[in-house]
Amino acid sequence: MNLDFGQIVPYIPFMLEGIWVTLKFVIFAIIFGFVLGTLLALCKISHVKVIGWLADAYTSVFRGTPLILQLMIIYYAVPELVGYDISPFLSSILAFGLNSSAYVSEIIRAGIQAVDKGQTEAAQALGVPYNQMMKDIILPQAMKNILPALMNEFITLTKESALVSTIGYLDLMRRATVVGADLYRNFEPLLFVGVIYYLLVMGLTIIGRLVERRLRYSD
């Protein structure tokens, strides 16, 4: 093996800039996916069957097709229909947010349904409005139970964020391939960003455990 990590030293600042570029769209995608996923979960447990069916159909489509296909459709195909070019940044947020919301909705739905039915019955007996009951009673309890699953989904989204390099978005992965093409050496820059991805995932894991511990002690 003829490895020379010294050659990538001048490119390290360029690759490190990819951390914020990656995290920027990942954070927006997580927020978008969580909000939409919560709304979808509420639709799935709604007594209005049509709304529940539409939410299930949405989840089926986005869970049943590859994420990279969804990304390509939003970035390449949708502009052909609407006549408007979508930037790689916005395309990445939409694709990852829409895809993540399908998984998040199932996680939240399961968490809501796992809450003791007695909580709902007691709130209804006290005349608590449905919206207030979900916001103040059911969802907070559900979140404590599903936090590990949610953190796992967010970690998966962070790792899969490398797919945006296929549409030219200058994330960590794209920057590594640019450096590799410039140096005609791919192993060193790819290994370097691989370590960065690993550290990002470990950071999210630690944050998730701290939040989970705090919620547990707040009971």
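Applying the selection to the stretch 45-74, what residues are closer than 23 Å to Leu170 by Cα and in contact with a Leu (Cβ under 9 Å, 6 or more places away or on another chain)?
Of all residues in the stretch 45-74, those closer than 23 Å to Leu170 by Cα come to 66-74.
Answer for the stretch 45-74, where residues must be closer than 23 Å to Leu170 by Cα and in contact with a Leu (Cβ under 9 Å, 6 or more places away or on another chain): Leu67, Ile68, Gln70, Leu71, Ile74.
Return the residue satisfying two criteria in turn: it lies in the stretch 124-133 and is surrounded by 12 or more Cβ atoms within 10 Å (Cβ to Cβ) and part of a helix (DSSP H, G or I), and of such residues it is modelled with the highest pLDDT. Even if it seems obvious, please write down each step before you answer.
Step one: list which residues in the stretch 124-133 are surrounded by 12 or more Cβ atoms within 10 Å (Cβ to Cβ), which gives 124, 128, 130, 133.
From the residues that got through so far, the ones that are part of a helix (DSSP H, G or I) too are 124, 130, 133.
On the way: Gln124: 75, Tyr130: 73, Met133: 81.
Step by step, filter the stretch 124-133, then rank; the result is Met133.
Which one is farthest from Gln124 (Cα to Cα), of the residues in the stretch 134-179 that are part of a helix (DSSP H, G or I) and of a type in the set (Ser, Thr, Tyr)?
Step one: list which residues in the stretch 134-179 are part of a helix (DSSP H, G or I), which gives 134-167, 172-179.
Next, from what is left, pick out any that are of a type in the set (Ser, Thr, Tyr): 156, 158, 161, 165-166, 177.
On the way: Thr156: 38, Thr158: 40, Ser161: 43, Ser165: 50, Thr166: 51, Thr177: 57 Å.
Out of the qualifying residues, it is Thr177.
Might you check whether a residue that is in contact (Cβ under 8 Å) with a residue 24 or more places away in the chain, of a type outside the set (Phe, Trp, Tyr) and part of a helix (DSSP H, G or I) occurs anywhere in the stretch 79-87?
Of the residues in the stretch 79-87, the ones in contact (Cβ under 8 Å) with a residue 24 or more places away in the chain are none.
No, the conditions are met nowhere in the stretch 79-87.
If Trp53 satisfies all but one of (1) of a type outside the set (D, E, K, R); (2) touching a residue at least 40 places away in the same chain (Cβ under 8 Å); (3) under 28 Å from Ile138 (Cα atoms), what's the number of the condition it fails?
Evaluating Trp53 over (1) of a type outside the set (D, E, K, R); (2) touching a residue at least 40 places away in the same chain (Cβ under 8 Å); (3) under 28 Å from Ile138 (Cα atoms) leaves (2) as the failure.
Tell me, yes or no, whether the stretch 74-85 has at least one residue that is in contact with a helix residue (DSSP H, G or I) (Cβ under 6 Å, 6 or more places away or on another chain), modelled with pLDDT of 90 or more, β-branched (Val, Ile, Thr) and within 20 Å of Phe154 (Cβ to Cβ). Write out each step before concluding.
Going residue by residue through the stretch 74-85, those that are in contact with a helix residue (DSSP H, G or I) (Cβ under 6 Å, 6 or more places away or on another chain) are 74-75, 85.
Then keep just the ones that are modelled with pLDDT of 90 or more; that gives 74-75.
The next check asks that each one be β-branched (Val, Ile, Thr); those that pass are 74.
Within this subset, residues satisfying the condition of being within 20 Å of Phe154 (Cβ to Cβ) are none.
The answer is no; no qualifying residue exists.
Would you call Met202 more than 23 Å from Ile93 (Cβ to Cβ) and out of contact with any His (no Cβ under 8 Å at 6 or more places or on another chain)?
Working: more than 23 Å from Ile93 (Cβ to Cβ): yes; out of contact with any His (no Cβ under 8 Å at 6 or more places or on another chain): yes.
Judged against the criteria, Met202 is a match.
Can you pull out the residues in the stretch 119-137 that are within 18 Å of Ala41 (Cβ to Cβ) and free of Cβ contacts under 8 Å to residues at least 12 places away in the same chain?
Within the stretch 119-137, Tyr130, Asn131, Gln132, Lys135, Asp136 meet the criteria.
Just to be sure I understand the filter: pairs with C-beta atoms under 6 Å, separated by 6 or more residues or on different chains, first member in the stretch 165-178 and buried (at least 17 other Cβ atoms within 10 Å of the Cβ), second member modelled with pLDDT of 90 or more and part of a loop (DSSP other than H, G, I, E, B). Which pairs pass?
Ser165/Asp171
Taking the stretch 35-84, which residues are surrounded by 12 or more Cβ atoms within 10 Å (Cβ to Cβ) and among the aromatic types (Phe, Trp, Tyr)?
Trp53, Tyr58, Phe62, Tyr75, Tyr76
Suppose we filter Ile112, Ile137 for residues that are among the β-branched types (Val, Ile, Thr) and crowded, with 18+ Cβ neighbours inside 10 Å; which single one remains?
Ile112
The values are calculated or read from the model by the stated rules, or taken from the named source; none is laboratory data. Worth saying up front: this structure is predicted, and the values here are computed from it rather than measured. Ideal geometry is used to build each Cβ from the backbone, glycine not excepted, and the neighbour counts take in all protein chains shown.
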